[in-house]
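The block underneath contains the structure these notes are about, expressed in structure tokens.
The values are calculated or read from the model by the stated rules, or taken from the named source; none is laboratory data. None of these values were measured; they are calculated from a predicted model. Every residue, glycine among them, receives a Cβ derived from its backbone with ideal geometry; neighbour counts consider all protein chains shown.
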């Protein structure tokens, strides 16, 4: 394990079909920003970030696409913008503490999604758990590209939504926030998704109330 403490890292691009970033520990470090992505859509997911920890770090603009994350822990990350993990795959990834706004989403382009989504689903078949957010404090969060049953969550503020139940729901009878999440869950790539009432959001209570509404209807648990 290579340790870095209170270091600053310049903007860097890692665009590779097959590469491993591994065995790194960062504490109170600053990252100007960077890119980690596949140059083309490779279902092998050979671009891997493995055995990496970040604690109390800062980051600028970051782009992540088609990356396989394994045994990664992020404990408190200060960043000014949304961190989006597009078409990424997670195995034993832990988000803890204040982590700001985070989004896990499928590939935007239809062609890319057609290649990477089946490959990701296949990889998840052999995973015992993918993501642990039980101690994460988000300002905003969407987790539409990770199977919900593989997410460790806090049942008080983080809920499992079933796609089939969401698709059958009477959307017009729901509150605004409940409608939004039901419509998204109905189109999610996996049968279950996790939705979160972000503790650091100004609308935390409204979102939490919406999830309680969905739980009472049997759409969420």
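Laid out as a table, the results:
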quantity	calculated
Which numbered condition residue 114 fails, given (1) under 18 Å from the mean Cα position of the chain (by Cα); (2) outside any loop (DSSP other than H, G, I, E, B); (3) farther than 18 Å from residue 64 by Cβ; (4) assigned by TED's automatic domain parsing to the domain that holds residue 53	(1)
Any hit, the stretch 14-24, residues being assigned by TED's automatic domain parsing to the domain that holds residue 92, buried (at least 18 other Cβ atoms within 10 Å of the Cβ) and not in a loop (DSSP other than H, G, I, E, B)	no
Residue within the stretch 153-168 that is within 22 Å of residue 91 (Cα to Cα), at pLDDT 95 or above, out of contact with any helix residue (DSSP H, G or I) (no Cβ under 9 Å at 6 or more places or on another chain) and surrounded by 15 or more Cβ atoms within 10 Å (Cβ to Cβ) present	yes
Among (1) closer than 26 Å to residue 53 by Cβ; (2) outside any strand (DSSP E or B); (3) modelled with pLDDT of 95 or more - the single one residue 126 does not satisfy	(3)
Subset tally (residues that are over 9 Å from residue 195 (Cα atoms) and part of a strand (DSSP E or B)) for the stretch 143-159	2
The stretch 37-63, residues that are part of a strand (DSSP E or B), closer than 23 Å to residue 116 by Cβ and more than 18 Å from the chain's Cα centre (by Cα)	46
Residue 82 vs. criteria modelled with pLDDT of 95 or more and either in contact with a strand residue (DSSP E or B) (Cβ under 8 Å, 6 or more places away or on another chain) or under 15 Å from residue 193 (Cα atoms) (or both)	no
Positions within the stretch 94-111 being assigned to a loop (DSSP other than H, G, I, E, B) and in contact with a strand residue (DSSP E or B) (Cβ under 8 Å, 6 or more places away or on another chain), in sequence order	106, 107, 108
Residues within the stretch 107-146 that are touching a residue at least 60 places away in the same chain (Cβ under 8 Å), under 24 Å from residue 201 (Cβ atoms) and surrounded by fewer than 20 Cβ atoms within 10 Å (Cβ to Cβ), tallied	3
